[in-house]
Amino acid sequence: MTATTPPVPSMLSARRRWTVLAVCCLSMFLVGLDTTIVNVGLPAIGRGLDVGTRGLEWTVDAYTLVLASLLISSGALADRFGRRRVFRCGLAVFGAASLVCALAPSAGVLIAARALQGIGASMLSPVALAIVVNAMPDPKERAQAIGIWASVFGLSMAAGPVTGGALLAGLGWRALFWINAPVIAAALLLSAVFVPESRAQRARRLDLPGQVLLTMVLAAVVGVLIEGPRIGWTSPASLTGYAWAAVATAGFVWVESRRRDPLMDLRLFGRPVFSGAVVGAVAVFVALNMTLLLNTLYLQRTREWTPLAAGVATLPMAVGATVCAPWSGRMVGRAGPRLPLLLAGGFITAGGLCLVRLTPHTSVLLLLTAYALIGIGFGFANAPITNTAVNGLPPARAGVAGAITSTARQLGSALGIALAGGLVTATSPAGLPHASRPGWILVATCGALLFLVARTSRPKEDTTGLASRHRSRNRSRSQDVRAVVDRH
């Protein structure tokens, strides 16, 4: 250990530990908020910068694509150079990029700045979770902290459209990025005072070939989905994109299976519990982001609602996520992830089915009901998915498992935006409801996938007659907490 290594986590007071969690949650709220706050402002951005639907899709996906690509490498950098140092660097990059977004004179500059925001955000998401896990040595306390962390991230995703609508009503679309400044300043100050520095005992090497190939795979898949409606699904450019994605994927699998410290340990996917959690993370975020984009375009273009009204319409979604996320965390702690996953799947499926026959005159009550159902399902989903990924593996692999699941979330976000945009590109306002119907079917399908994920999850083991073994296991997991973080 170096001289800068902090005291072991058990030496931190309870107040200090929960303050560290609060600081990390503040940064995660910002990352999640920025993923969705832009959605409600897309029509205003399009008018302000004279950009069409495909350009607006890239405004959102430039952020999520870069974020998804760099999450794991940023975690490795934090292991090597210090988690607090990388965390604060991420805050600074995110803040600077937000200022460029707010001042962007063109769509090209805005998209580039959004990609830079993604770089900063990648230094926040996995590193924040590693800091939280490092500060919480007790398994029960750590499970509660992970539940709160996941709940805050879910709440931020759902609250983005409401916040964005309010800002647009009074200040215009550039305020969507100016709002980051005070949050960044507060997080930088608090992290300097309260967050201890920590490093991995054995830092993983950076896997540059794997990083390049992963970025190529994600860029090819998302790029074809966004540009496909314009260039044609069977055009030479699209066929080149398919080939690029296939070759990059094969190369990624080949490289990762042969590296000592791979960017992504593909052996983890051999465990049904973990692979199920990854599939669930993608499905939930495809459903959420498809809902947010289709809702924004439908309410503002077809029904001609103001951005504020469109944002307020998502309040049932935000309330559902807010109420059910902590409830889900408690359910996971008491009985395991299966029940909340089943509830999440049921609610998301029901919400999507409510809108499969959407028309320009669909009842507002039905719209609000559908949004509430999807928000409740989203709230129930996050804690069990995070808990399943992190706790369904040996402690030495739990950290990197959490990073892969975070990557899956952002991939789901990018796919949801690309798929939703592809459905309604070049569609007239009157034709948008009918064009979006396959999207609502896909939302329902994503909910149904969670039923399959629930089948792979492990219910909490009955403790009757097994208390001694559980105490032994808890002691072992407490001793291994640093190994959890070292592999992040």
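We did not get these values from a lab; they are worked out from the coordinates using the rules stated. Fair warning: this is a prediction, and the values are worked out from it, not measured in the lab. All Cβ positions, glycine included, derive from the backbone under ideal geometry; neighbour counts span all protein chains shown.
Calculate the FRET efficiency for VAL356 and SER235 from the Cβ-Cβ distance with a Förster distance of 25 Å, rounded to the nearest 0.05.
Efficiency for this residue pair is about 0.25.
Do the sum for the chain: with -39,500 (n - 2.57) for every DSSP H run of n ≥ 4, divided by all residues, what is the mean residue ellipticity at 222 nm, to the nearest 500 deg cm²/dmol?
Values: 20 runs with 382 residues, N = 488.
Computed mean residue ellipticity for the chain: -27000 deg cm²/dmol.
Taking only Cα atoms, what is the 0 to 90° angle, nearest 10, from helix 467-479's long axis to the longest principal axis of the chain?
In the chain, helix 467-479 runs at an angle near 80 degrees to the longest axis.
State, as an integer percentage, the relative contact order of the chain based on alpha-carbon contacts under 8 Å between residues 6 or more apart. Walk me through the intermediate numbers first.
Values: 907 pairs, mean separation 113.7, N = 488.
Here the relative contact order equals 23 percent.
Using a/c under 1.5 as the rounded threshold, could you call region 86-173 rounded, prolate or oblate? The axes a ≥ b ≥ c are square roots of the C-alpha gyration tensor eigenvalues, and prolate needs a/b larger than b/c, oblate otherwise. Please list the in-between numbers first.
Numbers: a/c = 3.73, a/b = 1.71, b/c = 2.18.
Verdict is oblate for region 86-173.
For TYR242 and ALA92, calculate 0.36 nm times their separation in residues minus their Cα-Cα distance, and state this gained length in nm to one decimal.
Values: separation 150, 0.36 × 150 = 54.00 nm, distance 3.65 nm.
Length gained between TYR242 and ALA92: 50.3 nm.
Looking at THR407, VAL364, GLY421, which one has the Cα that reaches farthest to the positive end of the dipole of the chain (charges on Cβ: Lys, Arg +1; Asp, Glu -1)?
THR407
To the nearest 10 degrees, how steep is helix 338-354 against the longest Cα principal axis of the chain, on a 0 to 90 scale?
0
Which of the chymotrypsin sites (Phe, Trp or Tyr not before Pro) across region 156-234 are loop residues per DSSP, with 15 or fewer other Cβ within 10 Å?
Working: sites: TRP173, PHE177, TRP178, PHE194, TRP233; in loops: TRP173, TRP233.
Loop-located and lightly packed - TRP233.
Please give the length that would be gained between ALA22 and VAL100 if that part of the chain were fully extended, namely 0.36 nm times their separation in residues minus their C-alpha to C-alpha distance (nm, one decimal).
Working: separation 78, 0.36 × 78 = 28.08 nm, distance 2.75 nm.
Stretched out fully, the ALA22 to VAL100 stretch lengthens by 25.3 nm.
What are the ³J(HN,Hα) values, in whole Hz, obtained from phi via the Karplus relation 6.51 cos²θ - 1.76 cosθ + 1.60 with θ = phi - 60°, for each residue of region 40-47 in sequence order, with x given for Gly and Pro?
Whole-Hz 3J(HN,Hα) from phi for region 40-47: 5, x, 4, x, 5, 5, x, 5.
With θ taken as phi - 60° and the coefficients 6.51, -1.76 and 1.60, list the Karplus ³J(HN,Hα) couplings across region 120-137 in order, rounded to whole Hz; mark glycine and proline as x.
x, 5, 5, 7, 9, 5, x, 5, 4, 5, 5, 5, 5, 4, 5, 7, 10, x
Measure nothing but the geometry: give the 0 to 90° angle between the long axis through the Cα atoms of 437-456 and the longest principal axis through the Cα atoms of the chain, rounded to 10°.
20
Under unit Cβ charges (Lys, Arg +1; Asp, Glu -1), what dipole magnitude, rounded to 20 debye, does region 93-212 have relative to its Cα centre?
On the way: 8 positive and 4 negative charges, 45 e Å.
About 220 debye.
Which of these values of P(r) over Cα pairs in 10 Å bins from 0, in percent was calculated from the structure shown: [x] 4, 17, 24, 21, 13, 8, 6, 4, 2, 1, 0; [y] 4, 21, 32, 27, 12, 3, 0; [z] 4, 20, 30, 26, 15, 4, 0?
So the calculated entry is the one marked [y].
Could you run the Karplus curve 6.51 cos²θ - 1.76 cosθ + 1.60 with θ = phi - 60° over region 240-250 and give me ³J(HN,Hα) per residue in whole Hz, x for Gly and Pro?
So the J values, rounded to whole Hz, are 5, x, 4, 5, 4, 4, 5, 5, 5, 5, 4.
In debye to the nearest 20, how big a dipole does region 177-301 give about its Cα centre with +1 on each Lys and Arg Cβ and -1 on each Asp and Glu Cβ?
That gives a dipole near 280 debye.
Taking the Cα centre of the chain as origin, work out the dipole magnitude from +1 charges on Lys and Arg Cβ and -1 charges on Asp and Glu Cβ, in debye rounded to 20. The partial results should precede the final answer.
Values: 43 positive and 18 negative charges, 307 e Å.
In total the dipole reaches around 1480 debye.
Give me the percent relative contact order of region 16-155, please, defined on Cα pairs under 8 angstrom at least 6 residues apart.
Across region 16-155, relative contact order equals 36 percent.
So what's the net charge close to GLY422: Lys and Arg +1, Asp and Glu -1, counting the other residues with Cβ under 10 Å from its Cβ? Display every interim value, and only then the final one.
Details: positive: ARG54, ARG230; negative: GLU57, GLU227.
Combined, the nearby Lys, Arg, Asp and Glu give 0.
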